[in-house]
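Peer 1: Shown below is the structure under consideration.
Values quoted throughout were computed directly from the atomic coordinates according to the rules given, and no laboratory measurement underlies them. Quick caveat, the model's predicted, so the values are computed rather than measured. Neighbour counts are summed over all protein chains in view; Cβ atoms, including those assigned to glycine, are modelled from backbone coordinates with ideal geometry.
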């Protein structure tokens, strides 16, 4: 793996050295500057980042499935091409993110094993089924829209490889959201059945999309530390509120409605508010009891297992070639 | 990277380095928010516009020919698209997805052009024809099988398409030449991808070698059909608009032979299938492909997406 050269290996430090390293780290945080793979970092910072980046990578990879479900049935060739490109981008995002996580000292193989074993999490949104073509629109508009709200601030994350990966990912996500919006717009202006299909998809994806920002602030114990480390810039509720404000504007242009009659702008707090969300459902899906959890993991496991002989062949071939090259050189 | 075969700069030698050759006008580039193609790359939308405005109009023969090549690429794209999210490695999700997208792009261009003769759009042709109206050869509809089967199919397809498009850049039909000039560059990568995997799988483990040999044996019966001439191709070749398929065979055999030799594999000694795809005779597989591909469009006839 190319990323191996970049991996930061925690070295044994004397107490004085460690104090100095910690002081450097604290200075970087205070200056809102960047930590790079070879810099010293607190073990908890490394662990938090590794968890967050690998979860993010897993979400991209599992997130390919609900959309791949419609590639073969896309109703026009143009839509098929756009959808294929989008799902392919997601594989690319997964690759950048696994590479970023590898700089923290974990191999992609290990992360993949953890995912398949059900030990690692991914965004709970992808455990909902993509039932109609309009879901391709709602996923792009709402799910990628929420992802952008979450991810744009991550471009400034204090860990260099993560922030840089996010810059590129955000550019592509913005294209993804636009294509979702365009699908819904077309449906909304289509036949009554198409418009109904669009509204139904928005109704189903709205609440799960709002829950993508994570639990309410008073129930999100890790947020504070992540903000102190300049990984997270805004609280879950803050981002959720901003997102609702954006959607309120855009849903009007779509000619559809949000399935929430309690959305309002609070003049006192200057924030957008929304109706209650079913956090019990969120916890259930996170715990593995969502509509598609078993299916999603099984698909990933099957692809991984079915492809094992291919990866073994590639490794064996590379080893033979490298041996040949060495023999030739000698 | 050891890509077997040479002559990769066909586009230079044939004077179609500028891939906008043969297609005038710049298209309605603001018609869609999601259509972002850098530079002057030839897009299916441009061809559709040319056809709508009468700037490009294929003869009946050329349209039939474009339909054949478009159907080949479309059916392959539909097959390859299935691999996305199921590939042996993430890198292959990306690679196979990319090849599928390239093929879909070629299909859209060829079908948009073909439709010009019958006042039909690419989607009319893709979604509202039945099995016997498709003109793809049978190789393209063969099931993906395992990764080795897919690679075997890719290997045959990419070497065939490269030789075809390379020559088609010199077509007297400017639109066919322009589509081929764009496609040949992309198919060159497909060749590289399949050849690399042939070498890896043949020279990897005992299991991968066995599977690779099996994959090639499964696909090889459909090679012959690719190179069959008929009245249409004879007429078009005569007119300098298309390529007689039989004239591609020698280069195909030589170049695929080089790769197989490097991989220490034999050219499979298997009986050839009779083919007939160009006349609407298909294997049992095509019906399922179309059923899935067309279901939504047919559920809402006349709807826009």
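Peer 1: Using the C-alpha atoms of region B:237-304, what convex hull volume per residue, in cubic angstrom, is computed?
Peer 2: 217 Å³
Peer 1: Hey, another quick one. Considering chain A as a Gaussian network with a 10 Å cut-off on Cα pairs, which listed residue, A:193, A:102, A:67, attains the greatest mean-square fluctuation?
Peer 2: Maximum fluctuation in the GNM of chain A, among the listed residues, is at A:193.
Peer 1: While we're on this one: Just the number: Rg to Rh for chain B, Cα atoms, Kirkwood Rh, two decimals.
Peer 2: My calculation puts Rg/Rh at 0.95.
Peer 1: Give me the compactness ratio for region B:154-235, meaning the Cα radius of gyration over 2.2 N^0.38 Å.
Peer 2: 1.34
Peer 1: Please work out whether chain A counts as rounded, prolate or oblate from its C-alpha gyration tensor, where a ≥ b ≥ c are the square roots of the eigenvalues and a/c under 1.5 means rounded, while otherwise a/b larger than b/c means prolate and anything else oblate?
Peer 2: Taking the square roots of the gyration eigenvalues as a ≥ b ≥ c, chain A is oblate.
Peer 1: Grab the DSSP H runs of the protein assembly as shown that are 4 residues or longer, score each as -39,500 (n - 2.57), total them, divide by all residues and round the 222 nm result to the nearest 500 deg cm²/dmol.
Peer 2: Taken over the protein assembly as shown, the calculation gives -20000 deg cm²/dmol.
Peer 1: Could you state the number of Å between the C-alpha centres of region A:254-330 and region B:250-273?
Peer 2: First find each Cα centre; the distance between them is then 41 Å.
Peer 1: Scaled to the compact-protein estimate 2.2 N^0.38 Å, what is the alpha-carbon radius of gyration of region A:100-160, rounded to two decimal places?
Peer 2: 1.44
Peer 1: If you take the beta carbon distance between residue A:196 and residue A:261 as r and set R0 to 22 Å, what does 1/(1 + (r/R0)^6) give as a FRET efficiency, to the nearest 0.05?
Peer 2: Result of the calculation: an efficiency of 0.70.
Peer 1: Tell me, what is a quarter of the convex hull surface for the C-alpha atoms of region A:159-252, in nm² with one decimal?
Peer 2: 7.0 nm²
Peer 1: Considering chain A as a Gaussian network with a 10 Å cut-off on Cα pairs, which listed residue, A:202, A:310, A:87, attains the greatest mean-square fluctuation?
Peer 2: Looking only at A:202, A:310, A:87, the largest GNM fluctuation is found for A:310.
Peer 1: Ratio of Rg to Rh for region B:29-171, alpha carbon only, Kirkwood?
Peer 2: 0.98
Peer 1: What is the ratio of the Cα radius of gyration of region B:230-275 to 2.2 N^0.38 Å, where N is its residue count, to two decimals?
Peer 2: With N residues counted in region B:230-275, Rg over 2.2 N^0.38 Å equals 1.54.
Peer 1: So how compact is region A:11-68: Cα radius of gyration and Dmax in angstrom?
Peer 2: In order Rg, Dmax, the Cα atoms of region A:11-68 give 16.2, 54 Å.
Peer 1: Which residue fluctuates the most in chain B, going by a Gaussian network model with Cα springs under 10 Å, if the choices are B:165, B:288, B:113?
Peer 2: Maximum among the listed residues: B:288.
Peer 1: Further, regarding this structure: Residues of region A:63-88 with backbone nitrogen within less than 18 Å of a virtual label 7 Å along the Cα-to-Cβ line of residue A:171, please, listed as ranges.
Peer 2: So the set is A:85-88.
Peer 1: While we're looking at this one, here's another question. Taking the 0 to 90 degree range and rounding to the nearest ten, how far is the long axis of helix B:174-203 tilted relative to the main principal axis of chain B, both from C-alpha atoms?
Peer 2: The answer is roughly 20 degrees.
Peer 1: Something else about it: Starting at 0 and stepping by 10 Å, how many percent of the alpha carbon pairs of region B:104-249 end up in each bin?
Peer 2: In order of increasing distance, the bins hold 11, 33, 37, 15, 4, 0 percent.
Peer 1: So how far apart, in nm, are the two label points at residue A:318 and residue A:217 if each is 7 Å from Cα heading toward Cβ?
Peer 2: About 4.7 nm, to one decimal.
Peer 1: Just report the Cα centroid separation between region A:43-101 and region B:81-138, whole Å.
Peer 2: Cα centres, region A:43-101 to region B:81-138: 23 Å.
Peer 1: Can you give me the angle between helix A:43-68 and the longest principal axis of chain A, using Cα atoms only, in degrees from 0 to 90, rounded to the nearest 10?
Peer 2: Between helix and principal axis, roughly 50 degrees.
Peer 1: Right, something else. Work out how far the C-alpha atoms of the protein assembly as shown reach from end to end along every principal axis, then list the three figures in whole Å, largest first.
Peer 2: 80, 72, 43
Peer 1: Over chain B, what is the mean sequence separation of C-alpha contacts under 8 Å (at least six apart), divided by residue count, expressed as relative contact order in percent?
Peer 2: Worked out over chain B, it gives 23 percent.
Peer 1: Hey, another quick one. How large is the Rg to Rh ratio of region A:20-106 when both quantities use alpha carbon positions and Rh follows Kirkwood?
Peer 2: In region A:20-106, Rg relative to Rh is 1.21.
Peer 1: Expressed as a rounded percentage, what relative contact order does region A:112-173 have, with Cα pairs under 8 Å and six or more residues apart?
Peer 2: The normalised contact order for region A:112-173 reaches 22 percent.
Peer 1: Would you please classify the overall shape of region A:176-224 from the alpha carbon gyration tensor, given that a ≥ b ≥ c denote the square roots of the eigenvalues, rounded means a/c under 1.5, and beyond that prolate means a/b larger than b/c while oblate covers the rest?
Peer 2: Judged from the Cα gyration tensor, region A:176-224 comes out prolate (a/c at least 1.5, a/b above b/c).
Peer 1: Using the Kirkwood formula on the Cα atoms of region A:237-330, what hydrodynamic radius do you get, in angstrom to one decimal?
Peer 2: 18.8 Å
Peer 1: While we're looking at this one, here's another question. Take every Cα pair under 8 Å in chain A that's 6+ residues apart, average their separations, divide by the length, and report that relative contact order as a whole percent.
Peer 2: Taking the mean separation of contacting Cα pairs over the length of chain A, I get 18 percent.
Peer 1: Now a separate question. For chain B, take the longest principal axis of its alpha carbons; what is the angle in degrees between that and the long axis of helix B:147-168, to the nearest 10 within 0 to 90?
Peer 2: 50 degrees
Peer 1: Over the Cα atoms of region A:1-156, what Rg and Dmax result, in angstrom?
Peer 2: Spelled out, the Cα radius of gyration and Dmax of region A:1-156 are 19.0, 65 Å.
Peer 1: Something else now. For the pair residue A:36 and residue A:329, what calculated FRET efficiency results from E = 1/(1 + (r/R0)^6), where r is the Cβ-Cβ distance and R0 = 25 Å, to the nearest 0.05?
Peer 2: With a Förster radius of 25 Å, E is 0.15.
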